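The structure appears below as structure tokens.
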Amino acid sequence: MSVNQTVNLDKVQEIIERHGGNKSKLISILQDIQAVYHYLPAEALKTISRLLKIPLIDIVSVATFYRAFSLKPRGKHVATVCMGTACHVRGAPKILEEFERQLQIKKGETSKDGEWSLESVACLGCCAIGPVVVVDGDYHAHTSIRKVPNILKKYRK
Ligand code: FES
């Protein structure tokens, strides 16, 4: 799936219908749309607004409140390197550089093939197991430069 994939509004409508066209299911609807596109395309949010009669601004507020949602195109896989103080002193900057080198993208970017996005975060709240890297929601503890290829391999299958 490429980053520039066009948005299938029938698919968006189908997701909304699957949730009974119910306004109170907005977060579940957004989760399902993000599961398909790996982010929340503007056209999809406009469709939700029109069909559920929720002001677009309210939908965007929800989408920006939750860190799990992204309004920018994201890769199929998201690697997040913790750059908080505890991880930083244990080598997180070098680990981030290694991810950049292996994925050939910079922090904040998504690969052209739409496979990977690379992000960083201030602190994941589990400093004792740092340096920590999260890939697709899986926590990788005590990470090192040497472990980066194996981590990536796991998701490249
Ligand atoms: S600094 Fe990385 S988990 Fe806290």
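Being within 16 Å of the ligand (Cβ to nearest atom), more than 13 Å from the chain's Cα centre (by Cα), surrounded by fewer than 17 Cβ atoms within 10 Å (Cβ to Cβ) and modelled with pLDDT of 95 or more is not true of K53. Do any residues in region 19-48 that are assigned by TED's automatic domain parsing to the domain that holds E115 and farther than 13 Å from S70 by Cα have Cβ atoms under 9 Å from those of residues that are of a type in the set (G, A, S) and in a helix (DSSP H, G or I), where the two are at least six apart or on different chains, and which pairs are they? Once the first residue is assigned by TED's automatic domain parsing to the domain that holds E115 and farther than 13 Å from S70 by Cα and sits in region 19-48, no partner that is of a type in the set (G, A, S) and in a helix (DSSP H, G or I) comes close enough.
For region 77-104, the set of residues classified as basic (K, R), more than 9 Å from the ligand (Cβ to nearest atom) and crowded, with 17+ Cβ neighbours inside 10 Å is empty. When V81, V148, V134 are checked against the criterion of being touching a helix residue (DSSP H, G or I) at 6+ places or on another chain (Cβ under 6 Å), at pLDDT 95 or above and within 18 Å of A68 (Cα to Cα), a single residue qualifies: V81.
The values are calculated or read from the model by the stated rules, or taken from the named source; none is laboratory data. Nothing here was measured: the structure is a model prediction, and the numbers come from that model. Note that we place each Cβ from the backbone using ideal geometry, even for glycine, and neighbour counts take in every protein chain shown.
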